[in-house]
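Visitor: I am attaching a structure below and will ask some questions about it afterwards.
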Amino acid sequence: MREKQQQQTRRAGQDVGRSCILVSIGGKNIMLDCGMHMGYNDDRRFPDFSYITQNGRLTDFLDCVIISHFHLDHCGALPYMSEMVGYDGPIYMTHPTKAICPILLEDFRKITVDKKGETNFFTSQMIKDCMKKVIPLNLHQTVQVDDELEIKAYYAGHVLGAAMVHIKVGSESVVYTGDYNMTPDRHLGAAWIDKCRPDILISESTYATTIRDSKRCRERDFLKKVHETIERGGKVLIPVFALGRAQELCILLETFWERMNLKAPIYFSTGLTEKANHYYKLFITWTNQKIRKTFVQRNMFEFKHIKAFDRSYADNPGPMVVFATPGMLHAGQSLQIFKKWAGNEKNMVIMPGYCVQGTIGHKILNGQRKLEMEGRATLDVKLQVEYMSFSAHADAKGIMQLIRMAEPRNMLLVHGEAVKMEFLKSKIEQEFSIDCYMPANGETVTVTTNPSVPVDISLNLLKREMALGGPLPDPKKPRTMHGTLIMKENSLKLVSSEQALKELGLNEHQLRFTCRVPVQDPHSDPDTLHRIYTHLKSVLKGYTIQHLPDGTVMVESIVIKVSSSTEDANTKILLLSWSYQDEDLGSFLSSLLKKGLPSGLC
């Protein structure tokens with residue numbers, strides 16, 4: 001039995017941003033993530049849903065939508081898809097993602113619509129209507145989407161509430177990782193999954209060629225650079241997303257400030273610390289063990305040295321550290337502060353994570369020192385630019401580790417850059433001897449699967465096979481069994497033909513094959529029959545051969561009769577008849593007798 005699965009990447013194939021993948025498995029269509037691209041301000045920011053349907057609502061084509069986590073490059077196009085394009089089916093995400101997603105969507109809507117005045121964007125009401133369609137997932141809980149489709153979420157690390165998902169239809173299955181991290185950090189644990197052996201594992205590959213250095217070295221380097229900038233009276237800007245790396249770095253700086261007794265102020269974008277605290281408190285079970293243990297004595301997210309930021313503080317003299325959103329300097333408060341501080345070489349901007357092409361963050365990391373801003377104004381970048389990967393994505397080592405954990409039959413890489421993906425693809429194929437795919441945006445990958453169909457076998461048939469002297473059953477060695485396959489109440493059972501007739505209330509029919517063989521022989525019909533009997537006795541050793549009084553010869557179940565041809569007395573017509581059990585022997589005898597009878601026979 002051979003089935004086909006299709007993976008179609010709408011966006012984030014060989015790209016980071018706009019994650020949106022359509023999987024067709026066992027006749028079901030599932031959309032995995034529905035993100036927006038942070039580097040575009042036009043229609044290109046959203047996935048192109050015309051790949052799915054040219055006209056009509058998406059509800060008719062999709063069985064469900066699954067969102068892996070709350071980052072906008074994975075969920076940012078969700079209200080646009082459900083409310084503006086049209087989708088009324090189920091949307092699945094974890095409880096923390098369901099709680100945080102609408103807040104980030106509303107923050108981004110305010111920046112895009114209220115501040116920039118853009119049109120063709122979703123409204124606040126659309127976000128609320130979209131979230132009403134969401135069904136929350138618990139970790140390790142199998143959810144039955146319909147009679148055939150089931151999904152199960154696994155812990156992915158990365159950010160609060162991030163999940164990998166195992167999708168199963170019959171005996172076929174797919175695992176989608178979303179974004180994940182195989183290394184535990186200061187506030188989250190490492191990703192984990194069962195040895196589920198899916199037909200295909202769809203994995204992010206943001207850091208496909210990177211093997212990150214020791215986390216302690218990175219943290220030490222980060223603290224040293226912040227401290228040096230503060231000591232010389234400079235300001236440090238750390239662009240972050242509201243939840244995730246922000247909490248990781250806040251814990252790190254809070255501990256360092258306490259230990260070093262530093263007085264320079266640390267600020268965080270207003271409102272977001274309170275929201276972050278609330279959600280980390282609410283979903284404490286999603287954090288790592290250390291935070292859960294210390295939570296009884298004190299909340300690790302209530303900071304003594306980190307205060308809420310007011311935009312007027314950006315003009316204050318003297319050193320300070322500011323965490324501002326968003327993380328790629330593409331809009332919002334982080335970009336406003338950057339514009340104010342960019343002209344002073346005493347200042348520093350530390351980019352703690354990946355920046356998508358087209359964003360200010362990506363441009364300055366690539367050494368651009370003159371930036372064209374809105375209204376054709378040019379910004380000279382004189383401050384120091386540092387990149388330190390505190391990203392919570394799996395590196396190359398982590399991706400290989402997950403493959404060992406899940407043992408997939410095929411691999412598909414998404415959410416990465418083509419050159420780096422090509423390198424990782426060859427490594428995976430070499431080490432695991434499995435096919436690895438890396439589709440571009442809009443490209444379809446078809447994977448052929450060999451689903452196993454479970455069949456029960458009757459004890460009587462098994463005993464009969466054993467009595468025939470066959471080898472003992474071995475799960476590692478395939479073995480042929482002869483019997484009748486019955487389907488009852490959606491399950492298959494292999495039984496003996498006698499049991500099948502009895503269970504189904506049928507009578508046994510005898511099926512016989514016949515064939516006519518012309519033979520040249522001048523003797524009478526009885527003599528020709530006797531000659532055939534003698535010939536077969538000499539050729540077939542170990543078979544029961546009988547010359548019966550009714551003028552026939554029998555070999556096992558095969559009956560041979562002789563009659564003369566009406567046209568030629570020397571031509572005899574041999575009529576052979578046999579049951580289907582002796583088909584091989586019957587075919588052999590007809591071939592043997594077609595050659596004629598030896599001349600020396602009596």
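Visitor: Mind telling me which of the residues ALA314, ALA377 ends up being closer than 17 Å to VAL236 by Cα, among the small types (Gly, Ala, Ser) and open to solvent by less than 60 Å² (accessible area, probe 1.4 Å)?
Guide: The unique qualifying residue is ALA314.
Visitor: A follow-up question, please. Looking at the structure I just gave you, is LYS397 open to solvent by 10 Å² or more (accessible area, probe 1.4 Å) and not assigned by the TED database to the domain that holds LEU249?
Guide: Answer is yes for this residue.
Visitor: Considering ILE560, ILE532, ILE486, which residue is closer than 30 Å to VAL455 by Cβ, buried (at least 16 other Cβ atoms within 10 Å of the Cβ) and touching a residue at least 12 places away in the same chain (Cβ under 8 Å)?
Guide: Among ILE560, ILE532, ILE486, only ILE486 is closer than 30 Å to VAL455 by Cβ, buried (at least 16 other Cβ atoms within 10 Å of the Cβ) and touching a residue at least 12 places away in the same chain (Cβ under 8 Å).
Visitor: Do we find a residue being at pLDDT 95 or above, within 29 Å of THR446 (Cβ to Cβ) and touching a His at 6+ places or on another chain (Cβ under 8 Å) anywhere in segment 22-32?
Guide: There is no residue in segment 22-32 that is at pLDDT 95 or above, within 29 Å of THR446 (Cβ to Cβ) and touching a His at 6+ places or on another chain (Cβ under 8 Å).
Residues checked against (1) modelled with pLDDT under 90; (2) farther than 28 Å from LYS263 by Cβ; (3) open to solvent by 10 Å² or more (accessible area, probe 1.4 Å); (4) aromatic (Phe, Trp, Tyr):
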| position | (1), (2), (3), (4) |
| --- | --- |
| ALA208 | yes, yes, no, no |
| ILE211 | yes, yes, yes, no |
| LYS215 | yes, no, yes, no |
| GLU219 | yes, no, yes, no |
| LYS224 | no, no, yes, no |
| GLY233 | no, no, yes, no |
| ILE238 | no, no, no, no |
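Visitor: Pick from ILE91, ILE111: which is more than 20 Å from MET328 (Cα to Cα) and assigned by the TED database to the domain that holds ILE21?
Guide: After ruling out the rest, the residue left standing is ILE91.
Visitor: Hey, any hits in segment 567-580 for a residue that's closer than 30 Å to SER497 by Cβ, open to solvent by 20 Å² or more (accessible area, probe 1.4 Å), out of contact with any Lys or Arg (no Cβ under 7 Å at 6 or more places or on another chain) and of a type in the set (Phe, Trp, Tyr)?
Guide: Yes; the residues of segment 567-580 include at least one that is closer than 30 Å to SER497 by Cβ, open to solvent by 20 Å² or more (accessible area, probe 1.4 Å), out of contact with any Lys or Arg (no Cβ under 7 Å at 6 or more places or on another chain) and of a type in the set (Phe, Trp, Tyr).
Visitor: Just to be sure before I move on: is SER426 open to solvent by less than 80 Å² (accessible area, probe 1.4 Å), modelled with pLDDT of 85 or more and over 29 Å from THR480 (Cβ atoms) in the structure I sent?
Guide: Answer is yes for this residue.
Visitor: State which residue is modelled with the lowest pLDDT when the search covers only segment 56-89 and only residues that are in contact with a Lys or Arg (Cβ under 7 Å, 6 or more places away or on another chain) and open to solvent by less than 40 Å² (accessible area, probe 1.4 Å).
Guide: ASP73
Yes/no per residue for (1) under 30 Å from ILE284 (Cβ atoms); (2) among the basic types (Lys, Arg); (3) not in a loop (DSSP other than H, G, I, E, B):
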| residue | (1), (2), (3) |
| --- | --- |
| ASN41 | no, no, no |
| ARG44 | no, yes, yes |
| TYR92 | yes, no, yes |
| THR112 | no, no, yes |
| LYS128 | yes, yes, yes |
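Visitor: Just one of (1) in contact with a Phe, Trp or Tyr (Cβ under 8 Å, 6 or more places away or on another chain); (2) open to solvent by less than 100 Å² (accessible area, probe 1.4 Å) trips up ARG512, so point out which.
Guide: Unmet condition: (2).
Visitor: While we're on this one: Hey, among SER591, SER491, which residue is exposed (fewer than 15 other Cβ atoms within 10 Å of the Cβ), over 28 Å from SER458 (Cα atoms) and among the small types (Gly, Ala, Ser)?
Guide: Only one candidate qualifies: SER591.
Visitor: Return the pair list, or none, for Cβ contacts closer than 8 Å from residues in segment 73-85 that are of a type in the set (D, E, K, R) to residues that are in a helix (DSSP H, G or I), at least 6 apart or on different chains.
Guide: Matching pairs, first to second residue: GLU83/MET126; GLU83/ASP129; GLU83/CYS130.
The values are calculated or read from the model by the stated rules, or taken from the named source; none is laboratory data. Remember, it's a predicted structure, so these values are computed and weren't measured experimentally. So basically every Cβ, Gly included, is an ideal-geometry build from the backbone, and we count neighbours across all protein chains shown. SASA here: full protein model, heavy atoms, side chains in, ligands and nucleic acids out. Shrake-Rupley method; radii C 1.70, N 1.55, O 1.52, S 1.80 Å.
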